[in-house]
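Below is one structure, written out as structure tokens, with a few remarks after it.
What follows is calculated from the coordinates using simple rules that are stated; it is not laboratory data. As the structure is a prediction and not an experimental result, all values here were calculated from the model. Please note: Cβ atoms are built from the backbone with ideal geometry, for glycine as well, and neighbour counts cover all protein chains shown.
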Amino acid sequence: MILVKFLGLYIIFSFIAPSCVYAIQEHLGIEGLIAHELAHILLLFAMCDFAYRVLRAHLFDKKEKRCFLSGAVLFALWNIWAFVAHLLHPANIINIKFKWLIPLITSDHILLVPSIICFYFASNALVKNRLDNDPRLMYDRDKD
Amino acid sequence: MDKNALLMFSDISGTAIFAVFAFLMMRNLSRLNKDNSYEIISAYLYMLAISLFLFGISRSIGHILKHILLFANKGELWHRVSPFSGAFNSITMVFMASVTLFFRRALKIFSKMKREQRKLSDTSMELLRLNEQMNQLAGERTRAEIILDLAHEIRNPITVIGGLVRRLSTGKSGTNSSINSTYIPSLLEQAARLEDIVKRFEELISRQTHTFKVLDLNSIVRDCFNFKKETAQKKGIAIRLNLCKSPLLFQGHKEILELSIRHLIQNAIEACSPDDAIDIMTKTWGEGVAIEISDTGPGISKETIDNIFRNNRETDKYGRKRPVSFGLPFIKQVIEKHNGTISIDSGPNFGTTVRIQFPTHFKKNGFHAAKK
């Protein structure tokens with residue numbers, strides 16, 4: 001509930017006064033960076049938690065599990081990459097000395113695109129396994 | 001190509017690819033969620049896909065708009081728009097993180113639902129067992145009542161006929177004319193009563209055919225499979241269902257057939273050990289439909305197979321004594337009443353396959369023909 005309330009307030013204030021809540025995607029100035037970096041940390045934690053639970057739960061078959069796990073791990077790595085990239089971005093004056101890194105830090109798609117492709121393959125495998133067989137056999141691998 | 005243009009192209013294509021794959025994933029999981037709306041995990045994964053798609057869209061719009069505006073030399077406009085685009089992007093990220101973190105809760109709910117489902121399944125099993133016992137008792141009582149009624153109905157004409165014939169045989173019946181006028185009509189009357197009783201019984205039996213309806217074998221087998229899969233999985237047996245793609249229509253009595261197929265699956269489960277497997281398959285067969293139940297259990301010896309359908313043996317298909325009389329002889333009777341056939345293919349150490357075949361069309365008077 002606390003998370004929901006927080007999200008609600010976040011949405012309201014973000015649209016009323018984005019600068020005041022430091023929620024600016026472009027991160028041209030330091031003012032948008034804090035909220036965005038916090039979002040990255042939260043997402044990193046969420047993806048690690050997701051990967052751990054996918055690994056532990058007996059919900060998916062080998063292929064589904066592998067794809068979900070790869071997707072979540074790549075997404076988590078992307079978060080670290082993006083977090084560091086935002087700090088090193090030349091738009092942030094204090095880090096202008098890292099300008100030579102621009103081509104590298106803007107290539108975060110190297111992780112993000114494979115991540116979503118893994119998630120897509122996982123969804124494909126789920127549909128194939130569940131719907132091509134009896135739909136009522138969903139998730140019967142659970143042994144909890 | 002210019003280095004900046006290359007970076008721009010890579011950025012735009014990367015965000016676009018992400019949005020496209022997120023959309024495809026959302027479409028897949030939407031289909032899954034639609035067909036399994038009662039499954040919380042499907043609903044959760046669909047929600048996760050939506051959050052990924054929203055994130056992909058917000059990211060694509062932000063990045064592509066930025067490049068377009070900067071390319072069109074509208075840097076000032078982008079500067080004004082970017083806070084809102086950035087805010088939306090951060091919101092979608094927080095939303096996605098919240099949805100992802102809900103996985104733990106979804107798993108808990110799912111586990112709880114499974115536990116409740118198992119309890120319900122155990123209760124249903126117990127109810128079914130009690131129901132079977134009640135049916136058995138009711139059947140025995142009905143049989144006893146029918147036999148008593150039959151004995152009572154037949155006793156009077158038989159006694160009268162016996163008395164008349166005894167009088168005729170002792171020569172105390174008088175002249176030929178008195179025999180013709182008194183005894184013959186009485187004998188004919190009692191014979192007519194007997195014929196009437198036999199006719200009523202025939203009508204009673206023929207009424208049973210009205211309970212036969214057009215059924216889909218796939219649907220019956222699926223229900224039986226769902227009913228028994230829990231038991232098999234608890235024992236560590238892999239149970240698989242392979243249904244024919246097209247509907248397998250035939251005529252039969254749904255409840256009795258379900259009871260018989262469940263019994264066969266239960267037999268296979270009892271025979272198998274953990275890590276064995278049971279395969280259930282439906283298919284077309286000549287002018288009919290068929291079901292095969294195969295297991296990788298210890299198999300049955302030839303001697304047991306030879307006696308397996310005998311009425312006097314209260315054994316299951318693996319030769320074990322059973323506490324109840326409902327068994328393979330009854331199943332064979334049921335299958336034959338449907339004009340079908342049942343066969344068992346087995347041998348020690350190479351598993352057992354039970355094949356049941358039903359004709360698609362019930363021929364005229366098929367029930368009686370089957371009985372004969």
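In the range B:3-101, the C-alpha radius of gyration followed by the widest Cα-Cα span (Dmax) gives 16.2, 52 angstrom.
Annotation note: chymotrypsin sites (Phe, Trp or Tyr not before Pro) in the range B:1-90 located in DSSP loop regions with a Cβ neighbour count of at most 14 within 10 Å are B:Tyr38.
Out of the range B:223-315, which GluC sites (Glu not before Pro) are coil in DSSP terms and have no more than 16 other C-beta atoms within 10 Å? Don't jump to the answer; show the numbers that get you there.
Working: sites: B:Glu230, B:Glu255, B:Glu258, B:Glu270, B:Glu287, B:Glu292, B:Glu303, B:Glu314; in loops: B:Glu287, B:Glu314.
Passing both the DSSP loop test and the Cβ count: B:Glu287, B:Glu314.
Taking 7 Å steps out from each Cα toward its Cβ at B:Leu148 and B:Lys119 produces label points 4.4 nm apart. Placing dummy labels 7 Å off each Cα toward the beta-carbon, the span from B:Ala72 to B:Glu189 is 11.1 nm.
How much length is gained if the chain between B:Arg355 and B:Thr159 is pulled fully straight, taking 0.36 nm per residue apart and subtracting their Cα-Cα distance, in nm to one decimal? Intermediate values should be presented prior to the final figure.
Values: separation 196, 0.36 × 196 = 70.56 nm, distance 4.98 nm.
Fully extending the segment from B:Arg355 to B:Thr159 adds 65.6 nm.
Note on chain B: Cα convex hull, mean projected area over all directions, 32.8 nm². For the range B:76-174, a simple Cβ point-charge model (Lys and Arg +1, Asp and Glu -1, everything else neutral) yields a dipole of about 240 debye relative to the Cα centre.
If r is the Cβ-Cβ distance from B:Val198 to B:Ser169 and R0 is 30 Å, what FRET efficiency results, to the nearest 0.05?
0.75
Measuring between alpha carbons in the structure, the pairs from B:Lys112/B:Lys228; B:Lys213/B:Lys332; B:Lys235/B:Lys302; B:Lys302/B:Lys337 lying more than 24 angstrom apart are B:Lys235/B:Lys302; B:Lys302/B:Lys337. In the range B:3-101, taking the dipole from charged Cβ atoms about the Cα centre, the farthest positive-side position among B:Thr15, B:Ser30, B:Thr92 is held by B:Thr15. For the range B:100-169 versus the range B:262-287, the inter-centroid distance based on Cα atoms is 24 Å.
Local charge sum around B:Thr284 (other residues, Cβ-Cβ under 15 Å, Lys/Arg +1, Asp/Glu -1)?
0
Could you give the alpha-carbon Rg of the range B:225-314 over 2.2 N^0.38 Å, rounded to two decimals?
On the way: Rg = 14.4 Å, N = 90, 2.2 N^0.38 = 12.2 Å.
Relative to the 2.2 N^0.38 Å estimate, the range B:225-314 comes out at 1.18.
GNM on chain B, alpha-carbon springs under 10 angstrom: the most fluctuating residue among B:Thr296, B:Thr100, B:Thr123 is B:Thr100. What chymotrypsin sites (Phe, Trp or Tyr not before Pro) in the range B:223-276 are in a loop by DSSP, with at most 14 other Cβ atoms within 10 Å of the Cβ? Listed in order of number, the matching sites amount to none.
Hey, what number do you get for chain B at 222 nm if only DSSP H runs of n ≥ 4 count, each worth -39500 (n - 2.57), divided across all residues, to the nearest 500? Display every interim value, and only then the final one.
Details: 10 runs with 242 residues, N = 372.
Dividing the helical sum by the residues of chain B leaves -23000 deg cm²/dmol.
Simple spin-label estimate for B:Ser10 and B:Thr341 gives 7.1 nm between the two label positions (7 Å along the Cα-to-Cβ direction from each Cα). Dipole size of chain B about its Cα centre, with +1 on Lys/Arg Cβ and -1 on Asp/Glu Cβ: approximately 400 debye, rounded to the nearest 20.
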